[in-house]
Structures are given as C-alpha cells and as structure tokens.
Amino acid sequence: MPRPALAPLAEMPMPPHIAALPKADIHIHQEWSPWLDQVLAQWEGRAAHAGYHPHLLDLVARRGVTVECALTCNVVLGAASSYAAHPLRRFVAAGIPVALCTDDPVQMGTTIGREYAIAHALGFATDDLLGFTRNAVRAAFIAPPQRTALLAEVDTWDRAHRT
C-alpha cells in the first residue's frame, strides 16, 4: 500500500495531526516506518490514535515524543469513545511524556482546569498531574531560561501544597 500523500515535511507549517483522523482510517504498515519515523522526528503533538496501534505507540515511545492529550476534544470528535477509553493510560504506561491540553476550549466547552479534573477523576494522582504539567513545560517551544523558571514555579507550588 502506498504511503499517505502529504506535503514534504519541510513545506509543512505543522506536522500531521494524527488525532484528527478517524480510527478506522488509520492502517499502519511496516513499509511506512521510515516515513513515520521522519514525521515523529519533528513532531511534538497530538496522537490520540497512536494509543490504539501498538506500532505507532512504539514509534512514539522510541522517539520520546510528548503527546498532547486534549481529553474532551478527543471524546467529542470521536478519537476516544469515552474519557475512560481514552489512551492516556497507555501513553503513561509506555513511558511516553504526556501533556494535558484543551485544543479548542471555546468550541469544546472546556478549560485546562476541567481537563485536569477529568484526568484526576480517571484516577491520576496529584503527582501524575504535576508530571503532565512538567512535561508540557519541557516540550514547550520556549527559551531555556523561561523553561527553567516555569519548572521552578511548578516545584514551588508542589512544595507549598504538600502537607
């Protein structure tokens, strides 16, 4: 089967958004591995469907890609059938850094606080939630001094709220 028709990566303003594709439309073939490796080499982003495909999950894990999980958006758009069925746990179990996000809060009727509350309701502890925040800061396209300052703020909050 031929690889998907996409513009050369150098011409793309952003890498492909795998989560936007319906699950049934993703067919992973071994001959696509070099192409997927090239995509993932430049990609920090949304990959909800990768959690349902062992080959993609392995590629994401090997590349160290930080996966942005927009729980509500993924449920509303059908990338996950429910919050409980979301592959968030699979990413964490595979050692993949995860960052929670809202994607489009106005259209999805959510906030970042609500996304964290949903993750907590799914059984993620405060340490997990702080880990998601740290992952987001580490993956952000920001200057190193700003990254250091933000991580210090997370650590300060963590210390202040541990009793």
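Within segment 132-154, the set of residues being surrounded by 12 or more Cβ atoms within 10 Å (Cβ to Cβ), in a helix (DSSP H, G or I) and either in contact (Cβ under 8 Å) with a residue 12 or more places away in the chain or of a type in the set (A, V, I, L, M, F, W, C) (or both) comprises Phe132, Thr133, Arg134, Asn135, Ala136, Val137, Arg138, Ala139, Ala149, Leu150, Leu151, Val154.
If you take the residues of segment 93-117 that are assigned to a helix (DSSP H, G or I) and in contact (Cβ under 8 Å) with a residue 24 or more places away in the chain, which of them is surrounded by the fewest Cβ atoms within 10 Å (Cβ to Cβ)? Spell out how you get there, then give the answer.
Pass one, segment 93-117, residues assigned to a helix (DSSP H, G or I): 93, 105-108, 112-117.
Pick out the ones that are also in contact (Cβ under 8 Å) with a residue 24 or more places away in the chain and you get 108, 114-115.
Numbers: Met108: 19, Arg114: 15, Glu115: 23.
Checking each candidate, the answer is Arg114.
Evaluation of Thr156 against the conditions (1) closer than 18 Å to Thr102 by Cβ; (2) modelled with pLDDT of 95 or more shows that the sole unmet condition is (1). Can you find even one residue in segment 96-111 that is among the polar types (S, T, N, Q), within 21 Å of Ala50 (Cα to Cα) and modelled with pLDDT under 95? Yes: one or more hits.
The values are calculated or read from the model by the stated rules, or taken from the named source; none is laboratory data. Just so you know, these numbers come straight off a predicted model, no measurement behind them. Glycine also receives a Cβ, built like all others from the backbone with ideal geometry; neighbour counts cover every protein chain displayed.
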